[in-house]
1. Return the total of residues in the stretch A:20-54 being surrounded by fewer than 14 Cβ atoms within 10 Å (Cβ to Cβ), in a helix (DSSP H, G or I) and within 8 Å of DNA strand C (Cβ to nearest atom).
2. Working only within the stretch B:154-180, note down all residues that are under 16 Å from the mean Cα position of the chain (by Cα) and surrounded by 14 or more Cβ atoms within 10 Å (Cβ to Cβ).
3. Just to be sure, is residue A:13 within 16 Å of DNA strand C (Cβ to nearest atom) and more than 14 Å from chain B (Cβ to nearest Cβ)?
4. Any residue in the stretch B:17-43 that's closer than 17 Å to residue B:71 by Cβ and without any contact (Cβ under 8 Å) to a residue 40 or more places away in the chain: show its pairings with residues that are assigned to a loop (DSSP other than H, G, I, E, B) and within 13 Å of DNA strand C (Cβ to nearest atom) at Cβ separation under 6 Å, as long as the two are six or more apart or on different chains.
5. Can you report the number of residues in the stretch B:75-99 which are modelled with pLDDT of 95 or more and under 16 Å from the mean Cα position of the chain (by Cα)?
6. Take the residues of the stretch B:61-72 that are in a loop (DSSP other than H, G, I, E, B) and more than 8 Å from DNA strand D (Cβ to nearest atom): which is nearest to residue B:25 (Cα to Cα)?
7. Of all strands (runs of 3 or more DSSP E) completely enclosed by the stretch A:120-194, which ones contain at least 3 residues that are farther than 25 Å from residue A:78 by Cα?
8. Can you tell me which of A:200, A:144 is in contact (Cβ under 8 Å) with a residue 40 or more places away in the chain, closer than 28 Å to residue A:18 by Cβ and in contact with a strand residue (DSSP E or B) (Cβ under 6 Å, 6 or more places away or on another chain)?
DNA sequence: CCTAAAGTTTCGGCATGCCTAATAATTGAT
DNA sequence: ATCAATTATTAGGCATGCCGAAACTTTAGG
């Protein structure tokens, strides 16, 4: 149970463990964690032992890994850092949304709390980042909009795009080339047969377009649909 | 002669070696380097061997340490980073000039070249930082103003404060409380006996003030004096 | 010149965080 | 219920960068 400041590796582990459960509920396993961090499974086993010693995760050998309250607190602070930095890079330094992820990944471990809070103030304490991901507040509260993957919606559903997964920068470039962005108004028109593309209308009036979206694309788009699940849930750590 | 990217430790060593010769000419010794980096002498010996292997320094055992052309290039790029970041923190995030040093120290190792250049562009490619230190250009050229420590000037000298050493944040706070800042017009009036304070006029007209400056204070202030050494020298690596 | 103090380097160790290979536990298919 | 395939953990190593202690130069005083 050391109390020293977390290393950047530890910050990364905790952040990835948290992020895994942000849009679904199953806890992460060693192998999944190793894949997302780009390290060997054995490195994860070692590190998870260390995280457990420090009281950041709960873990029984051979089972999944969950964060403790302290772990969630640390994770939320890292997620806050990451998303504020992304927002700052886009709004203040002219980065494109497909460029910000890697830069934020480096900066989030380096800057001070002071830096983060001055940045947040300058940005007007934004509540979501350029991809629509919610930015936790300094006190650890987060508004997680009730959103669904577009790929899981049935024909007839309408709503707004509230989040676009930033995992794949190439996909982000594709989307901006197609002028698909946050807050676009959408309607699911149907689905091509044999696990094929999702047919959707995006925009309306002058900006109305129809697309056949491949499954990979549709599952990166999250839709806030009044019909399905109105309102927001408020997570507190 | 490895070619891998320099670690942040290596960046720090090179930057400190460079900085030591920025305002005087004697090269740095192992012990001085160790003191400035806050590490043991033995750590410096090891690291200097590594720097030599990588072609960043010239060094004969038991003698002083100097940078190679490659070393100077790397050092200038770190100094550029540091001073641009300091300028950015003051101009864009409302930091005070006594707060920026430590933050810049962390950030300079983390940000990408892209970040640096976008920041520089946003700031209008400044040529000096909040303490008056010259910011090397992206191509490695630096304008080093011909300045002298105020503590070394004789009575009667006049000039402008062009640089204020940022080594001691407390001193910076003292100076701003006294409203002594960059570009103030000064005149050395005299010197109190027995190695005492330097008597100077700072400002003129409505802002005119007289001070007895302790030696430590006067040696942190650098004066560009037309009488002593007009013009600038242009260093190229 | 010679010796002691000061400065520098070498040596053996430690911590972090990663790896591969070997071992152990769990799971699912028969 | 058992046995392979999958998943997870331990063991032994490597690289970086730090340390203190010991050994070695250099330098300055007498």
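The values are calculated or read from the model by the stated rules, or taken from the named source; none is laboratory data. Please read these numbers as outputs of a predicted model, since none were measured by experiment. Ideal geometry is used to build each Cβ from the backbone, glycine not excepted, and the neighbour counts take in all protein chains shown.
1. Residues that pass the stated criteria total 3.
2. Of everything in the stretch B:154-180, those that are under 16 Å from the mean Cα position of the chain (by Cα) and surrounded by 14 or more Cβ atoms within 10 Å (Cβ to Cβ) turn out to be B:161, B:162, B:163, B:164, B:165, B:166, B:168, B:169, B:171, B:172.
3. yes
4. B:27/B:64; B:29/B:64
5. 13
6. Among those that are in a loop (DSSP other than H, G, I, E, B) and more than 8 Å from DNA strand D (Cβ to nearest atom), it is B:64.
7. The qualifying strands (runs of 3 or more DSSP E) are A:158-164, A:185-191.
8. It is A:144.
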